[in-house]
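The values are calculated or read from the model by the stated rules, or taken from the named source; none is laboratory data. All values reported here derive from a predicted model rather than from experimental measurement. For neighbour counting, all protein chains shown are included, and Cβ atoms are generated from backbone atoms with ideal geometry for every residue, glycine included. We work out accessible area using only protein heavy atoms, side chains counted, and drop any ligands, DNA or RNA first. Shrake-Rupley method; radii C 1.70, N 1.55, O 1.52, S 1.80 Å.
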Amino acid sequence: MIPPPFEYHAPRSIGEALSLLSNLGSEAKLLAGGHSLLPMMKLRFAQPAHLIDLNRISELRGIREEGANVVIGAMTTEAELITSPVVRGKLPLLAEGAGQIADPQVRCKGTIGGDISHGDPGNDHPALMIALDASFVLTGRQGQRSVKADGFFLGLYSNQLAADEILTQIRIPIPDPGTGWSYQKLKRKTGDFATAASAVVLQMKGTNVARVAIALTNAGPTALKAKVAETSMIGKPINEASLSEAARLAMSICDPSPDQRGDAAYKTAMCGEMTRRALQAAAARAKG
């Protein structure tokens, strides 16, 4: 279908984009990669009178180290994440996760900020961000504020980003040397959303787990942090008993919606299995 008529705006700065967003109000939508918004417009699920295209704002792009953090512009593409020496060297989980998003054509246009801002529980970045303890810089006409990824996502297509704000940066603390990681994702075919997925960041002390973060994709109305499962692993070795308990506890918080990828019981079981696999892979990397 052809979307309804709209007026197109292409600001060159964050300030200009914020001014447009403020003046146009609820009639405007921000355009990043467009892979979610444009199909919704074609189906008439979204009918904005104005589109504010962020692609020409250079200050929204780029990846750099800044002290103990990696700072990523919100309009940085998935392809740029995958090929970035900084991301591959300092945040390999993010490179691994971005490489499993959709297909090469989508990854060359889709952006990390668009993925996060959209709030789809099937998107991959929310769980990756929670596992990596990321923070989001939200910019409005009154200034900036920083919000932790864990707590930013409120529900289906809902988050803490205000209507007059733009997600401008993602800030991720650089994990300590020896940190293991894994993003285990089950999907039906290349390019599909996850049936279920689990992101894990893990540190070992000797043969036991010292620190661990576990976050789940498509397990509920938003990405979920499996806090009780994390606690169950602390001070324990990676073995059948600890893995089974962590998988069980991860499954206990799942509340997925049934769809063509499976019913709720199947998706929940697969969240447990992806968590088990992610913990095993992350531990092997931490030891190696």
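Computed log10 I(q)/I(0) for the chain at 0.07, 0.10, 0.11, 0.13 Å⁻¹: -0.26, -0.52, -0.63, -0.87, from the Debye equation with unit scatterers placed on every C-alpha and solvent omitted.
At the residue level, residue 56 shows approximately 110 square angstrom of accessible surface with a 1.4 angstrom probe and all protein chains present.
For a 29 Å ceiling on Cα separation, which of these pairs sit above it: 189/236; 109/205; 227/287; 185/236; 42/225; 90/148? Don't jump to the answer; show the numbers that get you there.
On the way: 189/236 36 Å; 109/205 40 Å; 227/287 23 Å; 185/236 25 Å; 42/225 34 Å; 90/148 19 Å.
Distance filter (> 29 Å) returns 189/236; 109/205; 42/225.
Based only on the alpha carbon positions, what is the Kirkwood hydrodynamic radius of segment 141-272, in angstrom?
On the way: mean 1/r = 0.0607 Å⁻¹.
That comes to 16.5 Å for segment 141-272.
Ranking of 234, 82, 112 by solvent-accessible surface, largest first: 234, 82, 112 (1.4 Å probe, protein heavy atoms only, all chains present).
Given the Cα atoms of segment 222-288, and with Rh set as the inverse mean 1/r over their pairs in the Kirkwood sense, what is Rg to Rh to two decimals? Don't jump to the answer; show the numbers that get you there.
Numbers: Rg = 12.6 Å, Rh = 12.5 Å.
So for segment 222-288, dividing Rg by the Kirkwood Rh gives 1.01.
Of the whole protein surface, residue 133 contributes about 80 Å² of accessible area at a 1.4 Å probe radius.
Probe radius 1.4 Å, ligands and nucleic acids left out: which of 135, 244, 146 has the largest accessible area, and how do the rest follow? Don't jump to the answer; show the numbers that get you there.
Values: 135 20, 244 45, 146 80 Å².
Order by accessible area, largest first: 146, 244, 135.
For segment 76-219, the fraction of C-alpha pairs more than 25 angstrom apart is 26%. Using the 1.4 Å probe convention, the accessible area of segment 1-124 works out to 46 Å² per residue with neighbouring protein chains retained. Mark the label point 7 Å from the Cα of residue 45 along Cα→Cβ and return the residues of segment 206-223 whose backbone N is within less than 18 Å of it. 218-223, by backbone N distance to the label point. For segment 42-56, putting each phi into the Karplus relation 6.51 cos²θ - 1.76 cosθ + 1.60 with θ = phi - 60° gives couplings of 5, 8, 6, 6, 10, 9, x, 7, 9, 10, 10, 7, 8, 5, 9 Hz, in residue order, rounded to whole numbers and with x for Gly and Pro. Its alpha carbons considered, segment 148-216 gives a radius of gyration followed by a Dmax of 15.9, 49 Å.
Considering all alpha-carbon pairs of segment 1-159, what whole percent are spaced by more than 28 angstrom? Of the Cα pairs, 19 percent sit more than 28 Å apart.
Rank these residues by their accessible area, most exposed first, probe 1.4 Å: 64, 211. Walk me through the intermediate numbers first.
On the way: 64 105, 211 145 Å².
Correct descending sequence by accessible area is 211, 64.
At a 1.4 Å probe radius, carbon and sulfur cover how many percent of the accessible area of the chain? The computed percentage sits at 52.
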